[in-house]
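Novice: Supplied in structure tokens, the structure appears directly below.
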Amino acid sequence: MPMSIVVFSIVLFLAPVIVCVMNNNLYSGRLRSVPISAISAVLVYLFILGSVTFIELKLDAEMTAFDLNGDGVFSGNEITPEQAMHRVIADTGRTFAPITGAVFSIFYFLGVWLLLVIIKLLVKMKN
């Protein structure tokens, strides 16, 4: 779990940096704060949805490993306590990830936009 927090933190901090670098290289700095923030927020949202999809596929693969005869149904000696079926079906976090990811992305957008505006004002005051 700590590794996923580290990866998520890296994505949070690198998304606007990558978008700003791409803006300077591809668009000669034409994109302003709002588009940069919006693109960053979309990238973070896609990362959240991709992470949830990866977890779903991983859990499905773990559950499939318990299906010894490959018929798609757990029966007889295939049912073990290690199946952890509750892990697969009782996680509402994965179910609501598109909604919570969208709400998080809105706040992320606002934070990145505010940070870019503050940086722009500080640069103007310095010059």
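Novice: Is there a residue in the stretch 30-44 that is of a type in the set (Lys, Arg), part of a loop (DSSP other than H, G, I, E, B) and at pLDDT 85 or above?
Specialist: yes
Novice: Sticking with this one: Within the stretch 21-52, how many residues turn out to be touching a residue at least 60 places away in the same chain (Cβ under 8 Å) and of a type outside the set (Gly, Ala, Ser)?
Specialist: Qualifying residue count for the region: 5.
Each row is one residue, and each column tells you yes or no for (1) modelled with pLDDT of 65 or more; (2) in a helix (DSSP H, G or I); (3) under 30 Å from residue 11 (Cα atoms); (4) of a type outside the set (A, V, I, L, M, F, W, C).
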residue: 58; (1), (2), (3), (4): yes, yes, yes, yes
residue: 68; (1), (2), (3), (4): yes, no, no, no
residue: 71; (1), (2), (3), (4): yes, no, no, yes
residue: 87; (1), (2), (3), (4): no, yes, yes, yes
residue: 93; (1), (2), (3), (4): yes, yes, yes, yes
residue: 102; (1), (2), (3), (4): yes, yes, yes, no
residue: 106; (1), (2), (3), (4): yes, yes, yes, no
residue: 109; (1), (2), (3), (4): yes, yes, yes, no
residue: 114; (1), (2), (3), (4): yes, yes, yes, no
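Novice: Which of the residues belonging to the stretch 8-28 are of a type in the set (A, V, I, L, M) and at pLDDT below 90?
Specialist: 26 - this is the single residue of the stretch 8-28 that is of a type in the set (A, V, I, L, M) and at pLDDT below 90.
The values are calculated or read from the model by the stated rules, or taken from the named source; none is laboratory data. Only a predicted model underlies this, so the values are computations on that prediction, with no experimental measurement involved. All Cβ positions, even for glycine, are placed from backbone atoms using ideal geometry, and neighbour counts span all protein chains on display.
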